[in-house]
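Everything below concerns the one structure shown next.
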Amino acid sequence: MKRPTDLATLLDALDPSADLAHRHLWLLHLLEWVRGTDRSVPQALARVQLLLDALEARPETQARLQAWWAVLVEQVDMTTLLADFGFAPRTALLSELGERLRTKCLPGSPETIDASELFMLALPGAFDAQWLAALDEPTLNRLTALLAPGESTGLSRWHQVLLDAITYCAGQILSTGFAPELRLRMSDAAREAQPFHALIRDVESLRLEVLHALRTPDRLNEAAQRLRDRLDACRAAATTVYAHFEDNGISVGLVFRLRQLRERTLRVRALLDCLLSPQPAVMAAQLLSQLVRVGQERRSLRALFASNSSLLAAKVAERSAETGEHYITRTVDEYRSMVKKAAGGGAVMALTTLAKFALYAVALSAFWGGFWAGVNYAVSFVLVQLLHFTVATKQPAMTAPAMAAKLKELGSGEAVESFVDEVTHLVRSQVAAVLGNVLVVFPAVLGLSLLIAWATGQPALDAHQAEHVFESLDLRGPSVLFAAFTGVLLFASSIVAGWTENWFVLNRLDSAMRYNPRITGLLGTARAARWARFLRENISGFAANISLGFMLGLVPVIAVFFGLGLDVRHVTLSTGQNGAASAALGTQVLQLPAFWWAVATLPLLGMLNVGVSFYLAFRLALRAQSVSGVDRSRIYAAIRARLRSAPLSFFKPARASD
């Protein structure tokens, strides 16, 4: 069908006997004409009035329109649109993700009897929701009289469609409420109340009152109120599952099902309001407008992940906040302890650096070189964890959620000052950790390299490798960008850590290790309990360290494969590499500009590793904890004031009880 450009041509092209695709194409062209090119609501409403005037002036076109409408409602089931539009066909997150990808990537066809597909083609944009909601009652009544004049009074086909849609929605609510994974997580009181059991009975009671010829308003209103109360009880019962998540971990799939159940209960209430409204045409237009907005969200992948991952993000941030408190020093003793732990971490990283150069000497292929480099990093990070040392760049993603938690308490000047105190504690903790790492790793690698050269008669690195190290760390090169990218990987490892711990708790693996007969038979009761407690306390750290190690080793290799040219720059490892290169060239290194350019890069590497990781984790924590309305300008002003009045407080603790 050629696209008509004016109303007269549109009305002449109306053919109720055309095939399915062309009848639907006519509807799409008509709605496109109503929208116009200016996307103005008053102009769209004026075009609707013009359409109605033209139809009322042409009785023959009126008859064809009514015949076209009769065929449309006969062949296209409107019930599925009202009951299922906006919901996943199967209550699983991955299936919904696949469906949204299909909708976004593949074009739709008007040759369909699925009302939802036709609706998304006919009313695809947010502007459609605006002009539909702006239609007034007289205009809607005129449109109803033109489309189906026999249904203006009494029980219409529209009422039957609404009743069927309510029944379908209630069936889906019942199915979700009876699902074992939800029912077993509800509170005891919710299960005993059995709110889902009588849901269908209440729906059928409403149907009888609507369809019965001698129905009375009182009985109909009572049936409707019973259904509303039942829906509220179902929602309340489902909400008790969230309390289970607090102590037992969060499943994104279960959150998705709970949100679907909540949205379906809201849809039933909307359908019920539309069914009982004394202004059915107005309510129908409002309902269609709401469905257009639902269709907009239905296409959004971001909305899907945002709505269903927020609780998981909150739990990840919460667990990280608990861990992050251990990395914030507030007293002189805690500060000294942090320096000692960081020094121990620097000593381990010295061995890691030399092991990395040993792997280079093996000359493995790109993938296996990256893989074994990842193993080297992961083993080193886990060793640091087990020895209770610390690597400075691991801390920011953990401390950021702990800082974000403090923002909830802001409300007075004293609270702002307390938060600034926490900022100073955090900054100097990071400074202590970075200095502890780099001031130990450089001389340690330097000394070990000289020892290797003395013992073997050959330097750990040859002159060409040493020059390459300085070149790769040159401040004038891309090292600064690579350091920022490494901060992203550090943040990603914290997400892996939080997700893994949540998975561990959700599946009750510590309980399984403690009480499973096969495990206790193999390890013994006492040893199984110790292993369960050990893994429960350390699983997050293992996940973070192992994932970070493999990301540092493999991501550059994968990036090169795709031609991205990305690399990693970890401040502690880079400082160690600098030490190895300096040992290879001897005292003459002090005369090389390349050495000093590489040294000048190291502070920026530390700042970007720490800063990017902290920033991303802080933003996640703010979103996860729904922190809003904070007067950030007050915080920034207070931090600037502290910098002016006590700048050293950001670098060393006071000798009092700071």
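Strictly greater than 19 Å: what percent of every Cα pair in the stretch 455-504 meets that?
Details: 693 of 1225 pairs.
Summing the P(r) of the stretch 455-504 above 19 Å gives 57 percent of all pairs.
Are there any trypsin sites (Lys or Arg not before Pro) in the stretch 443-535 that are in a DSSP loop and have at most 13 other Cβ atoms within 10 Å? List them by number. Walk me through the numbers before you get to the answer.
On the way: sites: ARG476, ARG508, ARG514, ARG518, ARG527, ARG530, ARG533; in loops: ARG476, ARG508.
Counting only loop positions with at most 13 other Cβ atoms within 10 Å, the trypsin sites (Lys or Arg not before Pro) in the stretch 443-535 are ARG476, ARG508.
Modelled label-to-label distance, HIS468 and GLU192, 7 Å Cα→beta-carbon offset: nm?
7.2
Calculate how steeply helix 571-585 sits against the longest principal axis of the alpha-carbon atoms of the chain, using the helix alpha-carbon long axis, and give the answer as 0 to 90 degrees to the nearest 10.
Computed tilt is about 40 degrees.
Test of the criteria: in the stretch 176-267, which trypsin sites (Lys or Arg not before Pro) are in a DSSP loop and have at most 14 other Cβ atoms within 10 angstrom of their Cβ?
ARG215
Starting from the Cα-Cα distance between ARG336 and ALA600, subtract it from 0.36 nm times their residue separation and give me the gain in nm to one decimal.
This chain segment gains 92.4 nm when fully extended.
Relative to the present Cα-Cα distance, how much length would full extension add between ARG518 and ALA236 at 0.36 nm per residue of separation?
Values: separation 282, 0.36 × 282 = 101.52 nm, distance 3.95 nm.
Using 0.36 nm per residue and subtracting the Cα-Cα distance, I get 97.6 nm.
Using the crude model of +1 on Lys and Arg Cβ and -1 on Asp and Glu Cβ, and no other charge, please compute the dipole size for the stretch 7-80 relative to its Cα centre, in debye to 20.
The calculated dipole for the stretch 7-80 is roughly 220 debye.
Using only the Cα atoms of the chain, construct the convex hull and provide its projected area averaged over every direction, in square nanometres to one decimal.
41.0
In the chain, with Lys and Arg counted as +1 and Asp and Glu as -1 at Cβ, which of these residues, SER472, PHE550, LEU592, has the Cα nearest the positive end of the dipole, that is, farthest along it?
Of the options given, the answer is LEU592.
Using only Cα atoms and rounding to the nearest 10 degrees, what angle (0 to 90) does helix 479-506 make with the longest principal axis of the chain?
Taking Cα atoms only, the helix is inclined about 70 degrees.
Please work out the average accessible area per residue across the stretch 541-619, using the 1.4 Å probe convention, and give it in Å².
42
Report Rg (one decimal) and Dmax (nearest whole number) for the stretch 138-273, counting Cα atoms only, units Å.
Reported Rg and Dmax, both Å: 18.1, 59.
For the stretch 475-531 and the stretch 543-576, what is the separation of their C-alpha centers, rounded to whole Å?
Centre-to-centre distance over Cα atoms comes out at 19 Å.
May I ask you to give the percent of accessible area on the chain that is carbon plus sulfur, with a probe radius of 1.4 Å?
61
Tell me which residues come under 5 Å, amide H to amide H, from ASP77 once H is placed; ignore anything under 5 positions away on its chain.
For ASP77, whose amide H was placed from the backbone, the distant partners under 5 Å are ALA115.
Zone of SER95 (label point 7 Å along Cα→Cβ, backbone N under 19 Å): which residues in the stretch 175-196?
Those under the cut-off are 175-183.
From the phi of every residue in the stretch 6-11, what ³J(HN,Hα) in whole Hz does the Karplus formula 6.51 cos²θ - 1.76 cosθ + 1.60 yield, where θ is phi - 60° and glycine or proline is x?
Karplus values, whole Hz, x for Gly and Pro: 9, 5, 4, 5, 4, 5.
In Å², what does the accessible area per residue of the stretch 1-76 work out to with a 1.4 Å probe?
Spelled out: the 1.4 Å probe surface of the stretch 1-76, per residue, equals 51 Å².
Grab the beta carbon distance between GLN591 and LEU52, set R0 = 60 Å, and tell me the FRET efficiency rounded to 0.05.
Plugging the Cβ-Cβ distance into 1/(1 + (r/R0)^6) gives 0.10.
Mind giving me the FRET efficiency for LEU439 and ASN538? R0 is 22 Å, r the Cβ-Cβ distance, nearest 0.05 is fine.
Using R0 = 22 Å, I get an efficiency of 0.20.
Between LYS104 and ARG530, what's the calculated FRET efficiency when r is the beta-carbon distance and R0 is 35 Å? Round to 0.05. Write out the running numbers ahead of the final one.
On the way: r = 50 Å, r/R0 = 1.44.
With R0 = 35 Å, the Cβ-Cβ based efficiency is 0.10.
Helix-derived [θ] at 222 nm for the chain: sum -39500 (n - 2.57) over DSSP H runs of at least 4, divide by residue count, nearest 500? Present the calculation step by step, with values, prior to reporting the outcome.
Details: 29 runs with 504 residues, N = 658.
That comes out to -26000 deg cm²/dmol.
Can you work out ³J(HN,Hα) from phi for every residue in the stretch 333-342, in order, using Karplus 6.51 cos²θ - 1.76 cosθ + 1.60 and θ = phi - 60°, giving whole Hz and x for Gly and Pro?
5, 5, 4, 5, 5, 5, 4, 5, 5, 5
In sequence order, what are the phi-derived ³J(HN,Hα) couplings for the stretch 158-174 according to the Karplus relation 6.51 cos²θ - 1.76 cosθ + 1.60 with θ = phi - 60°, rounded to whole Hz, with x for glycine and proline?
4, 5, 5, 4, 4, 4, 5, 5, 4, 5, 4, 4, 4, x, 5, 4, 4
Whole-Å semi-axes of the stretch 235-302's equivalent ellipsoid, largest first, each the root of 5 times a Cα gyration tensor eigenvalue?
31, 17, 6
What is the gain in length, in nm to one decimal, between HIS244 and ALA126 on full extension, counting 0.36 nm per residue of separation less the C-alpha to C-alpha distance?
38.7 nm
Taking the Cα centre of the chain as the origin and placing charges on Cβ (Lys, Arg +1; Asp, Glu -1), which of LEU643, CYS234, ALA484 is farthest toward the positive end of the dipole?
Working it through, the farthest residue towards the positive pole turns out to be LEU643.
Quick one: net charge around ARG264, please, counting Lys, Arg +1 and Asp, Glu -1 for every other residue with C-beta under 11 Å from its C-beta. Mind showing how you got there, number by number?
On the way: positive: ARG235, ARG257, ARG259, ARG262, ARG267, ARG269; negative: ASP84, GLU263.
Result for the neighbourhood of ARG264: +4.
Arrange the residues TYR360, TYR377, TYR515, TYR335 by how much accessible surface each exposes, largest first, with a 1.4 angstrom probe.
Heavy-atom accessible area, descending, gives TYR515, TYR360, TYR335, TYR377.
Which aspartates and glutamates does LYS652 reach when only Cα atoms under 16 Å apart count, and residues fewer than 8 places away in its own chain are ignored?
Of all the aspartates and glutamates, those that pass the test against LYS652 - Cα under 16 Å, at least 8 places apart if same chain - are ASP333, GLU334, ASP421, GLU422.
Restricting the calculation to Cα positions, tell me the Rg (one decimal) and the Dmax (whole number) of the stretch 111-205 in Å.
Computed over the Cα atoms of the stretch 111-205, radius of gyration and Dmax are 19.5, 55 Å.
May I ask for the angle, rounded to the nearest 10°, between helix 93-105 and the longest principal axis of the chain, with both axes built from Cα atoms and the value confined to 0 to 90°?
Around 70 degrees separate the two axes.
The values are calculated or read from the model by the stated rules, or taken from the named source; none is laboratory data. Only a predicted model underlies this, so the values are computations on that prediction, with no experimental measurement involved. Positions of Cβ are generated from backbone atoms using ideal geometry, with glycine treated the same way; all protein chains shown enter the neighbour counts. The area values use the complete protein model at the heavy-atom level, side chains included, leaving out ligands, DNA and RNA. Shrake-Rupley method; radii C 1.70, N 1.55, O 1.52, S 1.80 Å.
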